[in-house]
Amino acid sequence: MSTKTANAEAASHESMFEAVLARLDVAAKLMNLSDDVKTILKNPVKQVQASLPVLMDNGKVQVFEGYRVVHSVAVGPSKGGIRYAMDVNQDEVMALAAWMTFKCAVANLPYGGAKGGIKCDPRAMSVGELERLSRSYVRAMKDVFGVNKDIPAPDMGTSGREMAWMLDEFNRITGEDSPGVITGKPIALGGSLGRDAATGRGVMVNSLEALKKLGLNPKDITAVVQGFGNVGSHAARLLSEKGVKIVGIGDHTASFYNENGIDIKAAIEYAAKNKNTLKGFTGATEIPSGQLLISKCDLLVPAALQNVINEDNAAKIQAKLIVEGANGPTIPEADHVLNERKIIVVPDILANSGGVTVSYFEWVQNKAGYYWTEQEVNLKHDHKMEEAFGNVWANADKFKTSMRIAAYITALQKIELAVKLKGNY
Ligand code: GLU
């Protein structure tokens, strides 16, 4: 089957989870995945929805919606972050949980996939409210989480701070100290060196691997990075340290372009002093946010939200390489346009798997009670990413398909084997 036919089948879908299944179907057909395994993967293992009452600073109780979806435990305990955002809903969490299953398998980690979320606007809440909300979530999910069961981590809108509260709440409930039940913790509580920058680092390593395949020298290329949070800022910094000229950056407050290159260190320092936002940065010209993705560059790193690359802007993107730092930045219809235009896309489940890879290292260190140096973590991370990239590249070649479908195939090969070895029940 040609790439064109394959991706044409991943047709339009309202639901994010259906968009994941559409890509799963394309990969399944190409690799001849067993129907039983496909059926199992189309249905998450467990879905928990809870009402979370929180005493707000105004003295009133507000009830928040909390979700945790365990998509698969075929390969090992489920792993995946918890996001705080207003658009969190069951369908989105299901899609993100499924992506975690595939992401962990692509990175060759001994994990299944899960995701959690709370529908809230963390920017509009006080620190005290956020702490009470995080603890309330853990109380609701105490039977889901476990060091060998389901291991959460940060995602959009959460960080080490929320993980610390959650770990403390879990330990109080169980009466035991289980640092490995949650990853992305502060270092003082058993976090891993290198975890904070890991997703951005993975984006950098995947970008360099792809550039190598394309015969391009990082020192000769320009990049645009959309999103300046944990993933985008570290990716931009690490890419610029490798000699890539970052010409465009942006976040939810403002976007900027400078054909001579942006001083990323200065941008990071500016954001740190400006409530973690770029609005008002003077190291480049401000441009309309819609312009950023279609600005002139060789490498485009969408590292903000999902569904930002659609059929319209996909036709106008000037980059020859896209490395997806965010989860789900490209809708399936845009895949087709990008493939037609021969733009190489290193897909999210490979490109942003550096974060969960170092989460895995954190979990291993917690289990062993022995901690590695940052250099050890980075070396092991880079090696794992290079291997994962190589496996996906080889499958793209073998199955004559896009890197995205090849990443699904790489993951499904591992998951299918695990499901079959476990036998029937
Ligand atoms: N939330 C991150 C992701 O989407 C990290 C997950 C983890 O470390 O478990 O990959």
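Counting every C-alpha pair in the stretch 97-205, the share spaced more than 21 angstrom apart comes to 37%.
If R₀ is 51 angstrom, what is the calculated FRET efficiency for the pair His383 and Asn58, using the beta carbon separation as r and rounding to 0.05? About 0.50, to the nearest 0.05. Packing, as the average of other Cβ atoms within 10 Å across residues, places the peptides 87-96, 63-72, 256-265 in the order 63-72, 87-96, 256-265, highest first. The magnitude of the dipole of the chain, with charges of +1 and -1 set on the Cβ of Lys/Arg and Asp/Glu and taken from the Cα centre, is near 520 debye. Note: the stretch 123-187, Cα convex hull, 83 Å³ per residue. Each of Asn148 and Tyr425 was given a label point 7 Å from its Cα along the Cα-to-Cβ line. The distance between the two points is 1.5 nm. Protection proxy ranking for 118-129, 224-235, using the average of other Cβ atoms within 10 Å per residue and placing the highest first: 224-235, 118-129.
For the stretch 305-366, GluC sites (Glu not before Pro) meeting the loop criterion (DSSP other than H, G, I, E, B) and having at most 13 other Cβ atoms within 10 Å: none. Packing order of peptides 376-383, 106-113, highest average first: 106-113, 376-383 (average count of other Cβ atoms within 10 Å over each peptide's residues).
What whole-number distance in Å separates the alpha-carbon centres of the stretch 331-407 and the stretch 225-278? After rounding, the separation between the Cα centres reads 22 Å.
Laboratory data are not the source of any read-out in this text; all were calculated from the coordinates shown. Just so it is clear, the model here is predicted, and its values are computed rather than measured. Cβ: placed from backbone, ideal geometry, glycine included. Neighbour counts: every protein chain shown.
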